[in-house]
Amino acid sequence: MEDVARSAGVSAITVSRAVNTPHKLAPTTLRAVRAAIVKLGYVPNLTAGSLASNRSRTIGVIVPTVANSIFADTIDGLSQALAPERYHLLLGQSHYREEQEAALVDAFIGRRVDGLVLTGVTHARGVRARLWRAGLPVVETWDTSSRPIDMLVGFSNVDAGRAAARFLIGKGWRRLAFIGGSDERSAKRLAGFREAARTGGVPEVAAIRLLSSSQPADGAAATVQLLAELVPQALFCSNDTLAAGALFECARRGIRVPADMAVMGFADLPIATAIEPTLTTVQVRAREMGLCAGALLLQRLAGEAPAERIVDLGFAVTERAST
């Protein structure tokens with residue numbers, strides 16, 4: 001840093017400001033410092049900086065998987081919200097396992113992240129207590145709860161499942177089926193789907209739960225299994241990638257969608273409008289979830305109390321050609 005300061009003709013404090021709070025410097029001074037940084041190949045020692053300021057400028061983010069684009073928009077929104085304040089993301093995958101999420105929480109706390117963003121509201125025993133002791137701002141996403149660890153941005157997966165069943169029954173279908181993952185959020189969608197189906201006069205819903213639900217091939221394989229037992233009038237999948245796989249399998253078998261069987265997805269991923277027939281789905285505001293989570297974190301990191309700790313972004317059934 002001292003070498004950069006000498007080259008730019010400024011103080012070491014000015015170099016530090018150019019790195020950490022560039023908006024506070026005059027444009028000419030900032031240009032001179034940045035030119036010296038490029039010339040000398042200077043890379044700031046972020047570890048030393050975090051020790052001095054007690055801030056690492058990093059946020060830990062834990063998602064089930066990056067193999068499924070369902071979480072990509074949330075990560076992108078979060079990054080966009082944090083970038084202007086020079087916070088960076090550390091990303092971990094839990095692979096839908098609570099014990100893996102717990103290990104990542106410990107790793108991120110050990111690396112002195114300034115905050116955490118978690119997926120879902122169900123966690124391994126002891127995680128809540130460790131986070132409370134750490135005193136970190138935490139935002140849970142992709143679900144709702146009346147007792148969040150700290151802050152929450154999401155929607156009700158149970159209500160989303162209910163809405164899907166009501167929509168399909170409203171279209172006149174009575175023989176319903178479900179394909180989803182084995183994670184807690186998928187289970188909540190199924191629970192809501194079954195509850196609303198019973199209320200609507202459909203007592204039985206065939207369901208297939210998968211260990212992996214990240215790829216269209218998983219949806220296709222589950223559809224093969226389902227069709228070996230019955231041909232439903234309408235199929236609700238817990239994400240759009242599974243629904244896309246179901247549509248591919250229907251096409252291979254000559255099953256007309258929606259004339260022979262309707263298919264409905266969840267999340268409203270780009271594939272929902274690219275596939276043929278276009279996919280009816282439950283639309284959730286994934287990107288806004290990340291933007292809102294980032295805004296809540298920044299408020300807490302600035303020492304402010306958010307006006308709302310629990311933000312329910314809701315969802316909407318989006319009807320397309322597959323139903």
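Nothing in this text is a laboratory measurement; each read-out follows from the coordinates by a stated rule. Everything numeric in this text was worked out from a predicted model, so none of it was measured. Neighbour counts are summed over all protein chains in view; Cβ atoms, including those assigned to glycine, are modelled from backbone coordinates with ideal geometry.
Confirm whether ALA272 is part of a helix (DSSP H, G or I) and either in contact with a helix residue (DSSP H, G or I) (Cβ under 8 Å, 6 or more places away or on another chain) or among the hydrophobic types (A, V, I, L, M, F, W, C) (or both). Full working, then the answer.
Working: part of a helix (DSSP H, G or I): yes; either in contact with a helix residue (DSSP H, G or I) (Cβ under 8 Å, 6 or more places away or on another chain) or among the hydrophobic types (A, V, I, L, M, F, W, C) (or both): yes.
Yes; evaluated as a whole, the condition is true for this residue.
Within the range 259-281, can you find the residues that are surrounded by 19 or more Cβ atoms within 10 Å (Cβ to Cβ) and more than 15 Å from the chain's Cα centre (by Cα)? Talk me through it step by step, then tell me what you get.
First, pick out the residues of the range 259-281 that are surrounded by 19 or more Cβ atoms within 10 Å (Cβ to Cβ): 261-269, 271-272, 275, 279-281.
Those that are surrounded by 19 or more Cβ atoms within 10 Å (Cβ to Cβ) and more than 15 Å from the chain's Cα centre (by Cα): MET261, ALA262, VAL263, MET264, GLY265, ILE271, ALA272, ILE275, LEU279, THR280, THR281.
How many of the residues in the range 209-228 are without any contact (Cβ under 8 Å) to a residue 60 or more places away in the chain and either part of a helix (DSSP H, G or I) or closer than 21 Å to PRO277 by Cα (or both)? Walk me through it before giving the result.
So in the range 209-228, the residues without any contact (Cβ under 8 Å) to a residue 60 or more places away in the chain come out as 209-212, 216-228.
This time we only want the ones that are either part of a helix (DSSP H, G or I) or closer than 21 Å to PRO277 by Cα (or both), so: 216-228.
So the answer is 13.
From (1) touching a helix residue (DSSP H, G or I) at 6+ places or on another chain (Cβ under 7 Å); (2) within 16 Å of ALA321 (Cβ to Cβ); (3) not in a helix (DSSP H, G or I), pick out the condition that doesn't hold for ALA206.
Tallying (1) touching a helix residue (DSSP H, G or I) at 6+ places or on another chain (Cβ under 7 Å); (2) within 16 Å of ALA321 (Cβ to Cβ); (3) not in a helix (DSSP H, G or I), ALA206 fails exactly one: (2).
Evaluate the range 229-240: report whether one residue or more is part of a helix (DSSP H, G or I), over 12 Å from ALA177 (Cβ atoms), of a type outside the set (Phe, Trp, Tyr) and touching an Asp or Glu at 6+ places or on another chain (Cβ under 9 Å). Walk me through it before giving the result.
Of the range 229-240, the ones part of a helix (DSSP H, G or I) are 229, 240.
Remaining after also requiring over 12 Å from ALA177 (Cβ atoms): 240.
Now drop any that are not of a type outside the set (Phe, Trp, Tyr), which leaves 240.
In the following step, the residues that additionally are touching an Asp or Glu at 6+ places or on another chain (Cβ under 9 Å) were identified as 240.
Yes, the conditions are met somewhere in the range 229-240.
Identify, please: which residue in the range 96-108 is out of contact with any strand residue (DSSP E or B) (no Cβ under 8 Å at 6 or more places or on another chain) and in contact (Cβ under 8 Å) with a residue 24 or more places away in the chain and is, among those, farthest from SER182 (Cα to Cα)?
ASP106
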